[in-house]
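Quick notes on the structure that follows.
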């Protein structure tokens, strides 16, 4: 599946897989941690800083772990990945494009308002 098709597929099902109030709140908190981790990793590569690289990877791993725990609370869990390349593409596109689009479109707030409290 190409990037355009993957983005369309993610977007078409995104609200179905993000209905839990707790998951929505975990995503809004954890996603910036992932983005900061990527930025730290890129900066580390330019500065040849092992410390920054490790910090970046730890931030990304923690963010994915938190978001994964949120997804386990969903009535509709996400579709399983077909392999490492699919997992990497889906994670990067969700973090950088699909979730920000979900947030900026107002869909995140609508989902939060309609979500049942735990």
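Just so you know, all these numbers are worked out from the coordinates, no wet-lab data involved. Here the structure is a predicted model, which is why all the values come from computation and not from measurement. Please note: Cβ atoms are built from the backbone with ideal geometry, for glycine as well, and neighbour counts cover all protein chains shown.
A simple packing score, the average count of other Cβ atoms within 10 Å per residue, orders the peptides 34-40, 46-52 as 34-40, 46-52, with the highest score first. Between helix 21-47 and the chain there is an angle of about 20 degrees, using the helix long axis and the longest principal axis of the Cα atoms. Placing pseudo-labels 7 Å out from each Cα toward the beta carbon at residue 65 and residue 39 gives an inter-label distance of 2.3 nm. Over the chain, dividing the summed -39,500 (n - 2.57) contributions of all DSSP H runs of at least 4 residues by the number of residues returns a 222 nm mean residue ellipticity of -23500 deg cm²/dmol.
Annotation: for a label point projected 7 angstrom from Cα along Cα→Cβ of residue 109, residues of the range 3-25 with backbone N closer than 17 Å are 24-25.
Taking every alpha-carbon pair in the range 13-118 and binning the separations at 10 Å intervals from zero gives 15, 43, 30, 10, 1 percent.
Were the residues from residue 58 through residue 87 laid out at 0.36 nm apart, the gain over their Cα-Cα distance would be 8.7 nm. Relative to the dominant Cα principal axis of the chain, helix 84-93 is inclined by about 80°. Seen against the Cα atoms of the chain and their longest principal axis, helix 3-14 is set at about 40 degrees. When only Cα pairs below 8 angstrom with a gap of at least 6 residues are kept, the range 15-111 shows a relative contact order of 37 percent.
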